[in-house]
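Worksheet: one structure, shown below.
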Amino acid sequence: MNILPIRHSLLKGVDRDVYLLVSSMFLRRVVQGFLQIVRTIYLALIGFDPVTIGLITGVGTIVSMIEPAVFGLLSDRYGRKLFMVLGSLTSSIRLLLYAVSRDFWVLVVAQGIGALGEGEGAGQPVVSGYIADKVKDRVKRTRIFSLIAITNSLATTIGSLLAATPVYFESVFKLSRADAHIPLFWIGVILNVFSLIAAFLLREYRRDLRVAVRYIASSRTTLKEIALYSMVRSTDGLAMSFVSSLAPLYFYLRFGAGSEDLALVYAIARFLPIPLYFVAPLIVDRLGYVKPLIMVKAASGLSALSIGLSWSFELSSISFISYSALTEIGMPIRQAFATEIAGLSIVGSLVGISNSIRNMVRSIAPIITGYLFQFSSFSLPFTIGSFLFILNSLQFQFFYSKRDPKSNSSTSRI
């Protein structure tokens, strides 16, 4: 397959604002790339047990119950730029607090503040709303989501590799294993500041809230669709939280793997989906949105089950790479799907409300997983996550397979 025309097609419609948006998100994703690996391991190194680590991690998820809906609804009214700037700012504050304190309550506050900035991925309400406001054509929107998915994967690949730097800092600066993580947190602060500057330079494409309010009020179908989409997204979110939220801690406790061991594992997992992101628009054009999502969710469930059942670090790592790559592959397709089933004026509201409900449900998973790791079973959280992924695949099949908006020439809206 000639990939060059695909690359050029992804760049159609890309202008100054898209480059700034991609740059801002790229820097944020580099930080998230290493933070998701080192955070739970760092907390274990400074003396917290799995249940406490689950509680600290769960605080961020609980805050995330409020953030997507509030940011999504308010961004429909006041514009997207403000909330992208706020996201970069709160992420900077979180890393700053991690760098200067090991107090339990400071870390809890840091995790809560940082959660206000974790909702800025391409599928989240503010960015999805910004893209929908700016790009009216459905094909171009799918291209933009694919482009963002590619750059996000590159960023998290780089961030994952940065997770190995504490070993370097430990050796060069003669630091303890825990202290060697502090310079990495400061690097994260600096990257988030540059992300904030890029977000600040964005132009606004504001929509009138009165249009969205009239749109919602005039259609019971709209409210029903938001509730249905929220339920489906909640199943997916709970599944991912059981599998992913404490995965680095799982590898650390069960196999003795440190962040330097997991850096390459996460980097490979983030890099593998990139070639498929180039062809995501072609996949959607051929199969629609729903069929690929059904297949990805089912395959993710099987991979998640394999993580917990594997008897060695190598086998478990391969299963984790497969699981992570599969979930990443489906992301731009699901993001574009959300903009298709929602009227453009309420994309922020749809994604925001569904994400808030999703995060409310998934907030319990880190706490339960931490308890199971400490007192019961390493494999059970992955088994639960696998079951939920299979259920999510069936939900897409049952609720959406016969009314895939991509395969409907009328392109109806909710």
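Some points to look at:
- Check on S92, farther than 30 Å from G256 by Cβ and either at pLDDT below 85 or among the acidic types (D, E) (or both): no
- Looking only at residues in the stretch 311-333 that are under 13 Å from V243 (Cβ atoms) and among the hydroxyl-bearing types (S, T, Y), the one that is surrounded by the most Cβ atoms within 10 Å (Cβ to Cβ) is Y323.
- Of the residues examined, I226 is one that is surrounded by fewer than 24 Cβ atoms within 10 Å (Cβ to Cβ), touching a helix residue (DSSP H, G or I) at 6+ places or on another chain (Cβ under 6 Å) and modelled with pLDDT under 85.
- Odd one out for V139, checked against (1) crowded, with 21+ Cβ neighbours inside 10 Å; (2) at pLDDT below 85: (1)
- Of all residues making up the stretch 152-173, the number that are assigned to a helix (DSSP H, G or I) and either surrounded by 19 or more Cβ atoms within 10 Å (Cβ to Cβ) or aliphatic (A, V, I, L, M) (or both): 15
- Every listed requirement among (1) at pLDDT below 85; (2) surrounded by 21 or more Cβ atoms within 10 Å (Cβ to Cβ); (3) within 18 Å of the chain's Cα centre (by Cα); (4) not aliphatic (A, V, I, L, M) is met by P248 save one, (1).
The values are calculated or read from the model by the stated rules, or taken from the named source; none is laboratory data. Note that the coordinates shown come from a computational prediction; the quantities given were computed from them, not determined experimentally. Counting neighbours? That spans all protein chains shown, and the Cβs are built from the backbone with ideal geometry, glycine included.
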